[in-house]
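Okay, structure first, notes after.
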Number of protein chains: 2
Amino acid sequence: MKLKDSKTEEVILDAAKVVFMEYGLYGARMQQIADRAGINKALLHYYFRNKERLFDRVFENALSRYFQNMEVLLDESLPIIDRVHSYADRFIDFLTEYPQMAIFLIKEVSLNQALFEEKVKSHIKENPSLIAVINHGIQREEIQIIDPMLFFVNLVSLCTYPFVARPIFKVVAAKNDALWGVEQEISFRSSVHEFINNKIKPL
Amino acid sequence: MKLKDSKTEEVILDAAKVVFMEYGLYGARMQQIADRAGINKALLHYYFRNKERLFDRVFENALSRYFQNMEVLLDESLPIIDRVHSYADRFIDFLTEYPQMAIFLIKEVSLNQALFEEKVKSHIKENPSLIAVINHGIQREEIQIIDPMLFFVNLVSLCTYPFVARPIFKVVAAKNDALWGVEQEISFRSSVHEFINNKIKPL
DNA sequence: TCATGGTTTAACCAAATGGTTAACAAAGGT
DNA sequence: ACCTTTGTTAACCATTTGGTTAAACCATGA
């Protein structure tokens, strides 16, 4: 028998994404998700059994997106330093498109670190890691960098935290008659690339 | 009649701090707080009327602590660049002592930005701002810096995000046979100071 | 010692919430 | 037309949870 090719599942996932992103696993309400999806609450359970399973799916999708932007690192045709610059750009692109994603990950990870580690491990196995690529570049004597892990942390911090703490920065900016918004995106990006150039020395 | 100088209020606030920090306003349970404080749940309401008021007190305390470390900036006896370095150190000291504080602020701010702005405004009025101090230094031609607001965002990102995303970084580090923990604190601090020195030019 | 009033508790309540059930609608195969 | 499977809903249930109440507790001043 042919199944009714219902879009319901997708509609639910979309709604759940929005609600979970904003309120987290505990804060989100099943009724709220059902309302946003325009369906009866029981349908949520019909499709996803329970809240946690629904959340898992949303979280899994978010994680996929989060790791998707790492693929640039594999492009062997580019010098490593270019790949790092692209990586940073993709990272910022990604966060510009899904600004809540970072904070969503942070929030849930801080609540349930074990679950996160389990979920991330499979992704991390399939995906290239910036650090591995850098280490490879060092071994091939293509680049020089003091501490790859520290570089990674610094870089990701520079890229991510402005999105995570945007509301805080907005208040601070307003207080100081400074600007902080889309207008600053270009100089923000430049500052990240400048940081990369300061840290990675081509040989 | 003399009031029993009860420490109950303080005991409750301590317990509430821990629970709210971990689970946030919505995730925290009054019973959980009462249990941790070793008292009856009704006492919470006796002292703080309701959950939101209790949360407000905890949040207010956290905010005070958060702004406390800004006082270095006012020490006119120091050159501005030294004050910035001290500011960064205090910032990291603070987050080392209260690692959950940053993520706690972020989480609650993202849920209720209006409330945060209201609460922060009073603090921000009484406290010096790094940006204001830097602007002052530029005007006095003591230092040169391209974009104070951008510098502020970059600096705070470098200092804060490693604490916010510590669980994520730990997983990444483990995957790459790298280290990320207390042992790296010194080189982490150095990287922040290095960033400051790269950006601020004394005249 | 005992009345007073702040402090603390057990028991309770109403609302919210995740989840279930049973009935119904729709759609396809025969 | 009729049956079977899938999709959808309203009504319901059990539990959780923030909050209330009334009574007990206990230090103190008279």
Checklist entry - Mean Kyte-Doolittle of at least 0.5 and a Cα length of 24 Å or more along the axis: which whole DSSP H helices of chain A meet both? => result none
Item to check | Per-residue average of Cβ from other chains inside 10 Å of A:139-152 | outcome: 3
Checklist entry - Per residue of B:130-136, what is the mean number of Cβ atoms on other protein chains within 10 angstrom of that residue's Cβ? => result 2
Next on the checklist: Under 5 Å between amide hydrogens, which residues at least 5 positions from B:Ile143 or on another chain qualify, with H placed 1.01 Å from N in the peptide plane?
Outcome noted: B:Ile138, B:Leu203
Checklist outcome for this item: Projecting the Cα atoms of B:Ser157, B:Pro128, B:Phe94 onto the charge dipole of segment B:69-202, where Lys and Arg contribute +1 and Asp and Glu -1 at Cβ, the residue farthest towards the positive end is B:Ser157
Checklist outcome for this item: Averaged per residue, the 1.4 Å probe accessible area of chain A, protein heavy atoms only, in Å², is roughly 50 Å²
Checklist entry - Using r as the Cβ-Cβ distance of B:Gln68 and B:Arg29, and R0 as 30 Å, what FRET efficiency do you calculate, to the nearest 0.05? => result 0.55
Checklist entry - Using only helices, what value at 222 nm comes out for chain B when you add -39,500 (n - 2.57) per DSSP H run of length 4 or more and divide by the total residues, to the nearest 500 deg cm²/dmol? => result -24000 deg cm²/dmol
Checklist entry - When chain B is treated as a GNM, springs tying every alpha-carbon pair under 10 Å, which of B:Arg90, B:Arg49, B:Arg29 comes out with the largest mean-square fluctuation? => result B:Arg49
Checklist entry - Suppose every K and R has +1 on its Cβ and every D and E has -1 on its Cβ; what is the size of the dipole of segment B:1-59 about the Cα centre, in Debye to the nearest 20? => result 180 debye
Checklist entry - Considering protein heavy atoms only and a 1.4 Å probe radius, which residues within segment B:82-108 exhibit an accessible-area decrease of no less than 30 Å² in the full assembly relative to the chain by itself? => result B:Ile103, B:Ile106, B:Lys107
Checklist entry - Using protein heavy atoms only (no ligands, DNA or RNA), what is the total accessible area buried between B and A, 1.4 Å probe, nearest 100 Å²? => result 4700 Å²
Item to check | Sites A:His136 and A:Asn112 - FRET efficiency at Förster radius 22 Å, r taken between beta-carbons, to 0.05 | outcome: 0.10
Checklist outcome for this item: Computed for chain B: size of charge dipole around the Cα centre, +1 on C-beta of each Lys and Arg, -1 on C-beta of each Asp and Glu, debye to nearest 20, value 820 debye
Item to check | Additional length obtainable on full extension of the chain from A:Lys201 to A:Glu97, 0.36 nm per residue less Cα span | outcome: 34.3 nm
Next on the checklist: If I stretch the segment between B:Ser77 and B:Leu179 completely, what's the gain in nm (0.36 nm per residue apart, minus their alpha carbon distance), one decimal?
Outcome noted: 32.8 nm
Checklist outcome for this item: Expressed as a whole number, the average count of other chain Cβ atoms within 10 Å around the Cβ atoms of B:175-182 is 5
Next on the checklist: Out of the total accessible area of the protein assembly as shown (probe 1.4 Å, heavy atoms of protein only), what percent is carbon and sulfur?
Outcome noted: 50 percent
Next on the checklist: Could you give the length gained by full extension between B:Leu43 and B:Glu194, i.e. 0.36 nm per residue of separation minus their alpha carbon distance, to one decimal place?
Outcome noted: 49.3 nm
Next on the checklist: Treating only the Cβ of Lys, Arg, Asp and Glu as charged (+1, +1, -1, -1), what charge dipole size does the protein assembly as shown show about its Cα centre? Round to the nearest 20 debye.
Outcome noted: 1600 debye
Item to check | Cα-projected label distance for A:Glu126 with B:Ser187, points at 7 Å along beta-carbon direction, nm | outcome: 3.2 nm
Next on the checklist: Going by Cα centres, segment A:119-188 and segment B:10-35 are how many Å apart?
Outcome noted: 33 Å
Checklist outcome for this item: Among B:Ala34, B:Leu105, B:Trp180, the residue whose Cα sits farthest towards the positive end of the charge dipole of chain B (+1 at Cβ of Lys and Arg, -1 at Cβ of Asp and Glu, taken about the Cα centre) is B:Ala34
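The values are calculated or read from the model by the stated rules, or taken from the named source; none is laboratory data. Remember, predicted model here, so these are calculated numbers, not experimental data. Counting neighbours? That spans all protein chains shown, and the Cβs are built from the backbone with ideal geometry, glycine included. In case anyone asks, the SASA skips ligands and DNA or RNA and just uses the protein heavy atoms, side chains included. Shrake-Rupley method; radii C 1.70, N 1.55, O 1.52, S 1.80 Å.
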